[in-house]
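Colleague: Below are the structure tokens for one structure; questions will follow.
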Amino acid sequence: MITFCIPSKNNLRYLKVCIPSIELNSHYPTNKILVFVDQDNDGTVEWLKENNIPYILNTETECKGIGYAYDTMFKAAETDLVVAFHADMILGDGADLHLLNNYKPQSVVCSTRIEPPLHPPGPEKIVQDFGLWPEEIKWDEFNQFVVKTAKENEGKVTKSSFAPWLINRNDHLGHDPIFLSVFEDADLFRRFKLAGYETIQVWSSLVYHLTCRGGQFEHAKETKDLAIKSQEWQLKNQISMLEFIRKWGGFFKEDGPCEPRPNKKYDVGAKIHNCTEEILSLEPYFDNMSIDINPDQYLAKYQPMSKFNLSSKFVNKLNNDVIIEFDNKLGNSQEFNYIINNIEDIMNQVEPLSEYEFGSVKLKVNKIEIKNPKLKLI
């Protein structure tokens, strides 16, 4: 019925619990499991072989990342229906049945996460402690809770999107490789929405999520390690956030808790007088910039971390659809920042071939045209 696709980067400790939970708690015994082994320094491949678990091995030195792993597994899966699962997740009883009962063509169907109290609570999840580590799972309590909660939540659906998510692999749009295993889902879910797919969170399909053991807490070996986020993850998060803004024109937005709202991307240029390094750091928000300082030092720092050609963004003359002009010496930087962060709302109130002033900021609108990114990448 379904192939559970699981990326692994030295996650044997978690796979030893994750995989048996799928085998034991799936309603359909014909479900498949496929693991993408991105890195193996802990005996993952040997264990998978011993237990006859199919896997794909990254034979290169550099990790491929979560997005690449899912795209590769979806193509290799024996079933059309696939689930993006995490190694630090434990499937609740019958979760697959509830996903399938809510599936429809061109939809993305998500289970509801049960998480220990490591992150703030939210209306899109259930916070309940059934153990912080795979060896400490309170199985009887967890199984009883799942049966009870699934029955109470039968028929309840919302629109949040996150892993684990089920899709027909023929509907999959592909992950964007510019995101280093962070923000890859934020980008993908927004493209799903733009493509007209329905996002469905099923509250009777339950998983226990130990949270971020392949990301923020990939370094964690014991509980004290959960107080500090991985330095490698923090760097990836910062880089991917800037790449997301460059691609979409701003930080991601939501219509509800974890309910993706696609950005409206416009072709925006900025003409900055008396530019400073602080103003220059707003580069991700603009398609082009005309500035009066040398950007070489900025480019030397940020170009190695970006897949975009940043040097091409700096021009003498702007021909963008929308041009924002600001004098950093004479103007109010708060007004400038406000325009940048609210450009979507502002574009809903202006007319083409018009000029406006917002305090110390001038706005010239040559054309109003939404230029969102390409939807399908595979």
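The values are calculated or read from the model by the stated rules, or taken from the named source; none is laboratory data. Predicted, not measured: the structure shown is a model, and the values here were computed from it. Because the Cβ atoms are built from the backbone with ideal geometry, glycine has one as well, and the counts that use them run over all protein chains shown. When the accessible area is computed, the model is the full protein with side chains, heavy atoms only, and any ligands, DNA or RNA have been set aside. Shrake-Rupley method; radii C 1.70, N 1.55, O 1.52, S 1.80 Å.
Colleague: Counting only heavy atoms of protein chains, what accessible area per residue, in Å², does the chain have with a probe of 1.4 Å? Present the calculation step by step, with values, prior to reporting the outcome.
Modeller: Working: 17780 Å² over 378 residues.
I get 47 Å² per residue for the chain.
Colleague: Note down the net charge around L34, summing +1 for each Lys or Arg and -1 for each Asp or Glu among other residues with Cβ under 13 Å from its Cβ. Intermediate results must be reported in sequence, preceding the final value.
Modeller: Values: positive: K32, K75, R169; negative: D71, E78.
Value of the local net charge: +1.
Colleague: In addition: Can you pull the Rg over Rh of segment 275-342, Cα-only, Kirkwood? Could the numbers behind the result be given before it?
Modeller: Working: Rg = 12.1 Å, Rh = 12.9 Å.
Reported Rg/Rh (Cα atoms, Kirkwood Rh): 0.94.
Colleague: For the chain, what mean projected area does the convex hull of the alpha carbons give, in nm²? Before the final figure, lay out the partial values.
Modeller: Numbers: hull surface 80.4 nm².
Value for the chain: 20.1 nm².
Colleague: Ok, one more. Mind putting a number on the dipole of the chain about its Cα centre? Charges go on the C-beta only, +1 for Lys and Arg and -1 for Asp and Glu, and I need it in Debye to the nearest 20.
Modeller: Values: 42 positive and 54 negative charges, 125 e Å.
With Lys and Arg at +1 and Asp and Glu at -1, about 600 debye.
Colleague: Quick one: ranking K301, K138 by accessible area, 1.4 Å probe, largest first, what do you get?
Modeller: Values: K301 125, K138 85 Å².
Sorted by accessible area, descending: K301, K138.
Colleague: With a 1.4 Å probe and every protein chain left in place, tell me how much accessible area L375 has, in Å² to the nearest 10.
Modeller: 50
Colleague: Would you kindly find the accessible area of V17, with a 1.4 Å probe and non-protein molecules such as ligands, DNA and RNA excluded, rounding to the nearest 10 Å²?
Modeller: Approximately 20 Å² for this residue.
Colleague: Filter the cross-link list K125/K229; K151/K374; K317/K374 down to pairs whose alpha-carbon distance in this structure exceeds 30 Å. Working shown, then result.
Modeller: Numbers: K125/K229 21 Å; K151/K374 41 Å; K317/K374 27 Å.
Too far apart for the 30 Å limit: K151/K374.
Colleague: Further question: To the nearest 10 square angstrom, how much accessible area does E278 have with a 1.4 angstrom probe?
Modeller: In the full protein context, E278 sits at about 150 Å².
Colleague: Considering only protein heavy atoms and a 1.4 Å probe, what is the carbon-and-sulfur percentage of the accessible area of segment 1-124?
Modeller: On the way: 2660 of 5310 Å².
So the carbon and sulfur contribution to the accessible surface is 50 percent.
Colleague: Roll a 1.4 angstrom probe over the protein heavy atoms and tell me the percent of accessible area of segment 248-378 that is carbon or sulfur.
Modeller: 47
Colleague: Same structure again: Test of understanding: express the Cα radius of gyration of segment 200-268 as a ratio to 2.2 N^0.38 Å, with N the residue count. Write out the running numbers ahead of the final one.
Modeller: Details: Rg = 16.1 Å, N = 69, 2.2 N^0.38 = 11.0 Å.
The reported ratio for this selection is 1.47.
Colleague: Using a 1.4 angstrom probe on the protein heavy atoms only, could you order K159, K376, K75 from most to least accessible area?
Modeller: Working: K159 115, K376 90, K75 145 Å².
Descending accessible area places them as K75, K159, K376.
Colleague: Whole number please: convex hull volume per residue of the Cα set in segment 298-378, in Å³? Provide the component values of the computation, followed by the final result.
Modeller: On the way: hull volume 12.1 nm³, N = 81.
Convex hull volume per residue, Cα atoms: 149 Å³.
Colleague: Taking all protein chains together and a probe of 1.4 Å, list I346, I293 from the most accessible to the least accessible. Let's see the in-between values first.
Modeller: Values: I346 10, I293 50 Å².
Result of the area sort, largest leading: I293, I346.
Colleague: Once segment 1-71 is represented by equal point scatterers at the alpha-carbon sites, with solvent omitted, what log10 I(q)/I(0) does the Debye formula produce at q = 0.16, 0.19, 0.27 Å⁻¹?
Modeller: At q = 0.16, 0.19, 0.27 Å⁻¹ the computed log10 ratios are -0.53, -0.73, -1.32.
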